[in-house]
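Data block below; observations after.
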Amino acid sequence: MKNLQKIIFGVFVMLIFCVTFSSFEKKKPDFFVTKGFPKPVYDFKKNPLDERKILLGRVLFYDPILSHDSTISCNSCHSQYTAFTHVDHALSHGIAGKVGNRNSPSLMNLAWAKSLMWDGAINHLDMQALAPISNKLEMDETIENVVKKLQHQKFYRENFYAAFNDSTITGQHVLQAIAQFMLTLVSANSKYDKVKRGEEKFSDNELSGYKLFKKNCEACHTEPLFTNGMFENNGLPVDAELNDMGRMKITKDKNDSLKFKVPTLRNVQYSAPYMHDGRFKNLNQVLNFYSMGLEHNKTLSPILLNRKIYFNTDEKENLISFLMTLSDKEFLYDTRFSYPKR
Amino acid sequence: MSLKIFIFSWLAILNLFGNNSTENNLQINFQPVVNNISLQLNSKAYSINSKDSFFITTFKMYVGKIVLNDEESKEKFVDENYHLLNAENVESLKIDLKNLSLKKISSVDFFVGVDSIENTKGSMGGDLDPTNGMYWTWNSGYINFKLEGHSPICKSIHHAFEFHIGGYQHPNNSIRKIYLRLKNPIIISEENKLNININLAEILNSVDLRTNNNIVEPGFEAMKLADNFSKMFSIAE
C-alpha cells in the first residue's frame with residue numbers, strides 16, 4: 001500500500017517535471033561573440049542569456065524605481081547617445097542633484113571586463129548595480145527595498161516569473177537581469193572593425209594616426225578592446241581637492257597609488273569629458289597632456305617613463321582622426337538598447 | 001523534453017524505493033551567548049573582564065563547509081553549503097544535516113565566512129543573496145561577520161560599535177577555519193543534536209571598545225579581529 005502511494009507520487013512528480021521544463025525552454029538570443037575578440041571573461045554558464053531576462057534587465061536599467069525617490073535611473077548617468085556615459089558632466093550627478101566623486105565611464109563590451117569601476121572596486125558584472133543603488137550620492141536606496149518595491153508591481157511579478165520561472169523576486173534575479181542587459185551592449189562595428197574585416201580602408205591620415213597609436217598607446221589601450229583591463233598610472237597629476245588615490249583605495253597597497261583602470265577608447269568621440277574626474281573636455285586636451293603634461297611620480301607606468309611622447313600639430317590631428325574610426329554609430333542608435341516600451 | 005530529464009525523473013522515482021531504511025540526521029544548533037547567558041538582542045549585558053555594560057543589536061555570521069569527522073575510522077561527512085546565522089531569526093541558527101554517512105562524530109570543523117571562490121562568482125541566491133545585508137556594495141565582497149551595538153564606554157557617535165568583518169583577497173582574507181573536538185563523541189542514531197556556543201564576549205573583549213569600535217572594511221584591523229573568531233566557539237555539553 002505504501003509502495004503504491006509512492007508510485008503515484010513519483011509519476012506525479014515526473015509529470016510536474018516534464019511540464020515545467022518543456023514550457024520553460026530557454027529563449028536564446030542571437031548573441032554575440034565577435035570575430036577577433038578574445039574569449040569573454042564573463043561566465044555565461046552561471047547566468048545564461050535569455051531574451052526575457054535581457055528585456056527585464058533593460059526595463060530595470062531605465063526605471064527610476066531603483067532610486068530612493070524614483071528620480072534617477074541607471075540611464076540618468078549612462079545615456080545611450082553618449083555611449084552610455086553621463087552627458088557633459090565631469091563628475092556624475094545623482095539623487096537630489098548631488099555631485100559624485102568620479103566621471104561616469106561609458107558602458108560597452110562589459111563581457112570582457114576583468115573588473116568594474118575606475119579602481120576595480122567591483123569584482124563581477126552581476127554585483128555592479130548594487131554600487132549605484134546604495135551610493136548616497138547616486139540612487140540612495142537599498143537592494144532589499146528595491147526588491148520590495150518591485151514585488152508590489154504586477155508588471156514585475158509577471159515579468160520576473162516569465163524570465164526566472166519564479167514570481168518571488170530576489171536580489172539575485174534583479175542583479176542577473178541587469179547584468180544580462182549590460183552584457184548585450186557590444187560595440188564592434190566601427191570603421192576600425194570594418195577595416196580589420198577588409199570591408200573598408202583607412203584614409204592616409206587615419207593610417208598615420210594608427211601608426212602613432214600602435215607606437216605610443218597600444219600597450220595600455222590594447223586592441224581590439226582598446227584596454228588591457230589593467231590598472232595603470234598614466235601620469236595624471238592628482239587633483240588636490242578630490243585626492244583620489246585610485247586602486248590603492250581597494251588594495252591598500254602603496255604600489256597601487258594613483259593607478260586607475262585603463263578605459264576603452266572605443267566610442268571615445270562621444271564620451272567626453274575624459275579621465276576618472278572628467279578633467280579634459282576634448283581629445284586635443286588629452287593629447288596635449290600625453291605630450292607634455294605627465295607627472296613623473298613614483299608609480300608612473302614604466303611604459304610612459306621610458307618613452308618620451310611628443311606630438312606635433314599634424315600628428316595630433318592624425319591621431320584624433322584614427323580615434324574617430326573607433327566610433328560605432330550603430331551602437332549609439334541600436335533600438336535593442338534604447339528606452340523600452342512596457 | 002530531453003532524454004536527460006526523462007531519465008533523471010525516473011531515477012528520482014526509483015530513488016523513492018531505495019529510501020526505505022531510516023536516515024540518520026544531525027541538527028547543529030548554534031547558540032549565541034554572552035559568557036554563560038544566552039544572547040538577548042537590545043538588552044543589557046556585561047562581559048567578564050569589566051563592569052562595563054553593552055547592548056548588542058545585530059549579530060549575523062556566515063558558517064560554511066561544515067565537516068563532521070569520525071577520527072577513528074577517518075570517515076567524513078561534508079556539507080558544502082553556506083549558512084547565514086542571524087540572531088534575530090532562531091530558525092537560522094539551526095542547521096539540519098541529513099542522511100549522514102557516519103557512525104560516529106568525534107570532531108567538527110567549519111569556516112566562518114565565505115571563501116574567495118564564492119566571493120567572485122557573481123550574483124547568488126538563498127543565504128548568499130545580497131538582500132541579506134551581508135554584502136558590501138562599494139567594494140565587492142561578503143561581510144563574513146557582523147556585530148553591532150552600543151556601550152557607554154564607546155567614544156563614538158551614539159556610543160555605537162560596529163564590526164563588519166570581511167575581505168577575501170590576499171593579504172586580507174578574513175575567512176577562518178574553526179575546529180572543535182567533542183569530549184563525548186556522538187554515536188549516531190536516528191536523530192542527533194549538537195549544540196555549539198558562540199560567545200560574543202570573546203570578540204568584544206579582544207578589542208579596546210573605548211576607541212576601537214568601528215571596523216567596517218577589509219584590512220589589517222579586520223584580520224586581527226578575525227583571528228579571535230576561534231575563541232568564540234565551544235561545544236555545549
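Among the residues of the range A:141-200, which ones are within 21 Å of A:L332 (Cα to Cα) and assigned to a helix (DSSP H, G or I)? Matches in the range A:141-200: A:I178, A:A179, A:Q180, A:F181, A:M182, A:L183, A:K191, A:Y192, A:D193, A:K194, A:V195, A:K196. Looking only at residues of the range B:208-224 that are free of Cβ contacts under 8 Å to residues at least 40 places away in the same chain and assigned to a loop (DSSP other than H, G, I, E, B), we find that the one that is least open to solvent (accessible area, probe 1.4 Å) is B:N212.
Within the range A:32-49, take every residue that is over 23 Å from A:N189 (Cα atoms) and either more than 14 Å from chain B (Cβ to nearest Cβ) or in contact with a Lys or Arg (Cβ under 7 Å, 6 or more places away or on another chain) (or both) and give me the one that is most open to solvent (accessible area, probe 1.4 Å). Quick ask: steps written out before the conclusion?
Restricting attention to the range A:32-49, the residues satisfying the condition of being over 23 Å from A:N189 (Cα atoms) are A:43, A:45-48.
Still in the running and either more than 14 Å from chain B (Cβ to nearest Cβ) or in contact with a Lys or Arg (Cβ under 7 Å, 6 or more places away or on another chain) (or both): A:46, A:48.
Working: A:K46: 106, A:P48: 45 Å².
Taking the candidates together, the pick is A:K46.
Put simply, of A:K154, A:K149 the only residue that is more than 11 Å from chain B (Cβ to nearest Cβ), touching a residue at least 40 places away in the same chain (Cβ under 8 Å) and basic (K, R) is A:K149. If you go through the range A:83-114 and keep only what is at pLDDT 90 or above and in a helix (DSSP H, G or I), you end up with A:L110, A:A111, A:W112. So, of the residues in the range B:39-61 that are modelled with pLDDT under 90 and among the hydroxyl-bearing types (S, T, Y), which turns out to be farthest from B:Y142 (Cα to Cα)? That would be B:S50.
Helices (runs of 4 or more DSSP H) wholly in the range A:244-336 with at least 2 residues that are open to solvent by 30 Å² or more (accessible area, probe 1.4 Å) and within 19 Å of A:V87 (Cβ to Cβ) - which ones? Don't jump to the end; show me each part of the working.
On the way: elements: A:248-251, A:283-288, A:302-305, A:313-324, A:329-333.
By residue number, A:329-333.
Only one of these is more than 18 Å from the chain's Cα centre (by Cα), modelled with pLDDT of 95 or more and more than 14 Å from every other protein chain (Cβ to nearest Cβ): A:N243, A:N228, A:N267, A:N233. Name it. Don't jump to the end; show me each part of the working.
Details: A:N243 fails: modelled with pLDDT of 95 or more; A:N228 fails: more than 18 Å from the chain's Cα centre (by Cα); A:N267 fails: more than 18 Å from the chain's Cα centre (by Cα).
Going through A:N243, A:N228, A:N267, A:N233 in turn, the sole match is A:N233.
Does the range B:142-152 contain at least one residue that is modelled with pLDDT under 95, surrounded by 22 or more Cβ atoms within 10 Å (Cβ to Cβ) and in a loop (DSSP other than H, G, I, E, B)? Looking for residues that are modelled with pLDDT under 95, surrounded by 22 or more Cβ atoms within 10 Å (Cβ to Cβ) and in a loop (DSSP other than H, G, I, E, B), one finds at least one in the range B:142-152, hence yes.
Counting only residues that are open to solvent by less than 20 Å² (accessible area, probe 1.4 Å) and over 18 Å from the mean Cα position of the chain (by Cα), the range A:51-62 holds 0 of them. When each of A:S104, A:S70 is tested for being closer than 22 Å to A:N145 by Cβ, small (G, A, S) and away from every other protein chain (no Cβ under 14 Å), the lone residue that passes is A:S70. A search for C-beta distances below 8 Å between a residue of the range A:162-173 that is more than 10 Å from chain B (Cβ to nearest Cβ) and any residue that is at pLDDT below 95 and loosely packed, with under 14 Cβ neighbours inside 10 Å, counting only pairs 6+ apart in sequence or on different chains, returns A:N165/A:T20; A:N165/A:F24.
Restricting B:N119, B:N69, B:N81 to residues that are within 13 Å of the chain's Cα centre (by Cα) and within 24 Å of B:S230 (Cβ to Cβ) narrows the list to B:N81.
Only one of the listed residues (A:A131, A:A90) is on the phi < 0 side of the Ramachandran plot and away from every other protein chain (no Cβ under 13 Å). That residue is A:A90.
The values are calculated or read from the model by the stated rules, or taken from the named source; none is laboratory data. Everything quoted here is computed from the prediction, not taken from an experiment. Note that we place each Cβ from the backbone using ideal geometry, even for glycine, and neighbour counts take in every protein chain shown. Keep in mind that these areas ignore ligands, DNA and RNA; they rest on the heavy atoms of the full protein, side chains included. Shrake-Rupley method; radii C 1.70, N 1.55, O 1.52, S 1.80 Å.
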